[in-house]
Amino acid sequence: MRPTLAGPLLLAVLSSGCLSIPRADPAPGRDELLTQDVVVRILEESRQPPQDPLAVMNGLERLLPSWQSAQRRGRAAPIERELVRKVVVNFDVVADMLQNGPHERRLVAAWALGFAQVPDNDEGLESPHAQALALLMAVLDDSPDDLTRNALLGIWKLSDPATPMRPLADLVVNHHDADVRANACLALGAVLTEESAPAAIEPLLVALSDTEPKVRLHAADIARQWPSPALTTQIEGAVQTEDTPLVLAAMLRALGSAGSTRSAPLLMYLLESPREVVAESAHLALVDLYGVDHGPLRADWLEFVEDL
């Protein structure tokens, strides 16, 4: 039986932000050269006879899990370039498969369309990402749960600020499937802008109380990027009962980004957590709040934090 790509999105890679993988800085100009190479290869392959649709979809079905695995190790760039090239060159095939193919192929196409983003270039090569986004948004309307999950992964990968926010917010709040809610929250965070973020506060308040840890995790990550007083207050309360370490760590980092020293006593208390990821996140959050690192122990901060 052919494996499908319907599973929930990886948590370890996109979790709390405090478990980042060190990466070497690229050589100057290297990114530009790689971008140019992708564009040139797309143009060259676009002039070749069309590929067999079965071969296209088989190749994508093989590459997508490989990309996910490589992303966990911080080594996804070469596979991502190959995916972009294959999806853009064969865009009509992938789009048709999403709309008219058998269910397993639709699952692959939904995720793959997230790679339909041509880098900015001077070669006149246009990006089909707007078409891809429209196709993926259409899938969100009354589709099976597994297809909705993968369409949301595609929307997350496109990360297009032009994405309509309301359908994503509705899925975050109302969908019966926990993985759909989690992926909708992930996608929502990827498309927010300074202008649209305030409208996401209400669904995020709901997501922070979701029964599924993945949803709470992604909501906390969004709150870290787009803090607001309402989200901060909600997180301060949630921290006291949260029992999933990665979620708690993400919430603490969100408190650090919010800039309210009212959270400092709570963060100091959690410096003594026996869970390393929680204690480390509380320490980093305090550093964010005060702009200086007094140390990883509660005693290090006693004379600098008021209202204890």
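The values are calculated or read from the model by the stated rules, or taken from the named source; none is laboratory data. Quick caveat, the model's predicted, so the values are computed rather than measured. Note: ideal-geometry Cβ built from the backbone for every residue, glycine included; neighbour counts use all protein chains shown.
Restricting to helices (runs of 4 or more DSSP H) lying wholly in region 157-221: which have 1 or more residues that are buried (at least 16 other Cβ atoms within 10 Å of the Cβ) and within 12 Å of the chain's Cα centre (by Cα)?
Where helices (runs of 4 or more DSSP H) fall fully within region 157-221 and carry at least 1 residues being buried (at least 16 other Cβ atoms within 10 Å of the Cβ) and within 12 Å of the chain's Cα centre (by Cα), they are 178-191.
Please find, among 233, 261, the residue that is at pLDDT below 95 and among the β-branched types (Val, Ile, Thr).
On inspection, the qualifying residue turns out to be 261.
Kindly indicate whether any position in region 228-251 is touching a Lys or Arg at 6+ places or on another chain (Cβ under 6 Å) and part of a loop (DSSP other than H, G, I, E, B).
The answer is no, given that none of the residues of region 228-251 is touching a Lys or Arg at 6+ places or on another chain (Cβ under 6 Å) and part of a loop (DSSP other than H, G, I, E, B).
Look at region 213-239 and say how many of its residues are out of contact with any helix residue (DSSP H, G or I) (no Cβ under 8 Å at 6 or more places or on another chain) and polar (S, T, N, Q).
Total satisfying the criteria: 1.
Return the residue satisfying two criteria in turn: it lies in region 50-75 and is crowded, with 16+ Cβ neighbours inside 10 Å and closer than 17 Å to residue 88 by Cβ, and of such residues it is farthest from the chain's Cα centre (by Cα).
53
Within the set of pairs 6 or more residues apart or between chains, which connect a residue that is touching a residue at least 40 places away in the same chain (Cβ under 8 Å) inside region 221-241 to a residue that is small (Gly, Ala, Ser) and surrounded by 14 or more Cβ atoms within 10 Å (Cβ to Cβ) with Cβ atoms less than 6 Å apart?
The qualifying pairs are 221/250; 224/254; 224/257.
Between 118, 108, 94, which is part of a loop (DSSP other than H, G, I, E, B), surrounded by 17 or more Cβ atoms within 10 Å (Cβ to Cβ) and touching a residue at least 12 places away in the same chain (Cβ under 8 Å)?
On inspection, the qualifying residue turns out to be 118.
Could you grab me the full set of residues in region 254-276 that are crowded, with 23+ Cβ neighbours inside 10 Å and under 19 Å from the mean Cα position of the chain (by Cα)?
Correct list: 254 only.
So residue 75 clears everything in (1) among the basic types (Lys, Arg); (2) outside any helix (DSSP H, G or I); (3) in contact (Cβ under 8 Å) with a residue 24 or more places away in the chain except one condition, right? Which one?
Failing condition for residue 75: (3).
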